[in-house]
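For reference, the structure discussed in these notes is given below.
Since every read-out is calculated from the coordinates, none of them should be taken as a lab result. Source: prediction; values computed, not measured. Backbone-built Cβ (ideal geometry, glycine too); neighbour counts: all protein chains shown.
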Ligand code: NDP
């Protein structure tokens with residue numbers, strides 16, 4: 001591929017995930033390159049630009065971002081900002097006629113997601129959500145095993161995504177701040193469990209119930225929930241139990257059980273070193289379908305190919321919207337203490 005065909009991507013937000021996972025992955029990605037940086041911290045942006053061999057005229061800030069519209073070196077942006085900023089920045093990027101790869105969770109509400117999809121359609125530009133597990137060898141193999149019915153009919157999925165967050169306030173850590181993060185660990189870490197239940201069943205739930213807990217007198221949880229626990233029932237009869245927490249000992253696990261066997265993944269959705277065991281009556285096999293850490297480069301390559309060839313995106317805005325609808329329904333079920341019925345598009349039945 002000639003350099004002219006490579007998709008130029010501007011990184012918006014030079015935080016931990018951008019710097020430690022995404023930017024280094026461009027070296028192994030196909031058909032795209034870092035073309036510009038957008039940051040509110042000029043000193044950091046200069047240092048990062050120098051480290052990646054980018055001239056300083058490729059650095060934008062949040063005020064002069066509009067100028068990127070006339071920068072032909074930039075075809076697309078990757079939004080790696082706190083969640084509460086995703087919708088506005090996606091709209092700004094589409095207004096500048098750039099394609100958008102946006103980190104998960106897509107946004108804070110279904111209304112925001114719908115705005116982002118509408119802006120993408122108006123601009124005629126791609127919108128992809130950074131659901132990296134759709135590019136990760138263990139999760140891809142797990143999806144394949146479910147399609148092959150390796151466990152027989154799927155009965156039960158259990159997911160746990162939890163860790164203990166450090167002592168901080170909503171002003172100090174945006175993940176504890178409702179305006180920037182939403183309701184808490186469910187949108188952030190728990191979303192991996194919700195996603196896994198959807199891509200392993202291949203279904204959208206028909207009903208759900210949930211509990212949330214917001215401890216009193218803990219500075220971390222003034223604005224958000226500390227724990228969320230959800231049960232989903234799928235049209236096939238499969239049930240999923242999802243647990244997520246910002247205040248319990250770390251765990252990252254997904255298991256699926258059917259009539260014929262079980263698939264146990266732990267860690268299930270990590271950046272690297274995922275592990276997976278397939279058990280059937282009389283057999284126990286450790287599966288090693290690949291190297292987990294390729295997921296970042298694979299995700300970038302997929303986005304670049306979709307932009308270059310106008311191809312279908314595996315994790316489109318509509319998937320992000322579906323998940324935010326489910327998260328809204330989970331909070332509603334927890335607040336009401338009722339089991340709520342859902343339509344096939346994850347909207348609530350009245
Ligand atoms: P960080 O807090 O490390 O970085 C966020 C960056 O956003 C900051 O460094 C800053 O960059 C910029 N920013 C702009 N406005 C604000 C603001 N008001 N408060 C805080 N930061 C601001 O967050 P992460 O990198 O961990 O997360 C960023 C996004 O990536 C989130 O959407 C998160 O959900 C997602 N993520 C996804 C992961 C995955 O595995 N797919 C893993 C981790 C995060 P600057 O100084 O350059 O302006």
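Where does helix 110-123 land angle-wise versus the long Cα axis of the chain, in degrees 0 to 90, nearest 10?
40 degrees
How far, in degrees from 0 to 90, does helix 295-309 lean away from the longest principal axis of the Cα atoms of the chain, to the nearest 10?
60 degrees
What distance in nm lies between label points placed 7 Å from Cα along the C-beta direction at residue 214 and residue 236?
Taking the simple label geometry, residue 214 and residue 236 are separated by 3.6 nm.
Once you keep just the Cα pairs under 8 angstrom separated by 6 or more residues, what percentage relative contact order results for the chain?
Computed value for the chain: 19 percent relative contact order.
Divide by every residue of the chain the summed helix terms, -39500 (n - 2.57) for each DSSP H run of at least 4, and state the resulting mean residue ellipticity at 222 nm, rounded to the nearest 500 deg cm²/dmol.
Theoretical 222 nm ellipticity from helices: -8500 deg cm²/dmol.
For segment 24-89, just say rounded, prolate or oblate: build the C-alpha gyration tensor, square-root its eigenvalues into a ≥ b ≥ c, call rounded for a/c under 1.5, and beyond that prolate if a/b exceeds b/c, oblate if not.
Rounded shape, in that the Cα axes give a/c under 1.5.
For the chain, give the share of DSSP beta bridges that are antiparallel, in percent and rounded to the nearest 5; count only bridges with both residues there.
The answer is about 60 percent antiparallel.
Please give the residues of segment 50-68, grouped as numeric ranges, whose backbone N is less than 11 Å from a label point set 7 Å along the Cα-to-Cβ vector of residue 95.
Under 11 Å, as judged by backbone N against the label point of residue 95, lie 65-67 of segment 50-68.
Going 7 Å from the Cα of residue 67 toward and past its Cβ, which residues in segment 26-54 have a backbone nitrogen under 16 Å from where you end up?
Label zone hits: 36-43, 45-46.
Quick check on segment 9-147: take the gyration tensor over C-alpha atoms, sort the square-rooted eigenvalues as a ≥ b ≥ c, and tell me if it's rounded (a/c under 1.5), prolate or oblate.
Oblate, since a/c reaches 1.5 and b/c is not below a/b.
Treat each spin label as a single point 7 Å out from the Cα along the C-beta direction, and report the residue 341 to residue 27 distance in nm.
Roughly 5.5 nm, to one decimal.
For segment 132-207, what mean projected area does the convex hull of the alpha carbons give, in nm²?
Quarter of the Cα hull surface area: 6.7 nm².
So how far, in whole Å, is the C-alpha centre of segment 166-218 from the one of segment 1-72?
About 29 Å separates the Cα centre of segment 166-218 from the one of segment 1-72.
Is the shape of segment 118-265 rounded, prolate or oblate, going by the alpha carbon gyration tensor and its root eigenvalues a ≥ b ≥ c, with a/c under 1.5 for rounded and a/b larger than b/c for prolate?
oblate
What base-10 log of the normalised intensity I(q)/I(0) is obtained for the chain from the Debye formula, alpha carbons as equal point scatterers, at q = 0.07, 0.10, 0.15 Å⁻¹?
Once normalised to I(0) and log-transformed, intensities are -0.30, -0.62, -1.34.
Would you calculate the separation in nanometres between label points at residue 206 and residue 288, each defined as 7 Å from the Cα along the Cα-to-beta-carbon direction?
Modelled inter-label distance: 4.2 nm.
What is the gain in length, in nm to one decimal, between residue 5 and residue 309 on full extension, counting 0.36 nm per residue of separation less the C-alpha to C-alpha distance?
108.4 nm
Could you tell me what percent of the DSSP beta bridges with both partners in segment 157-244 are antiparallel, to the nearest 5?
70 percent
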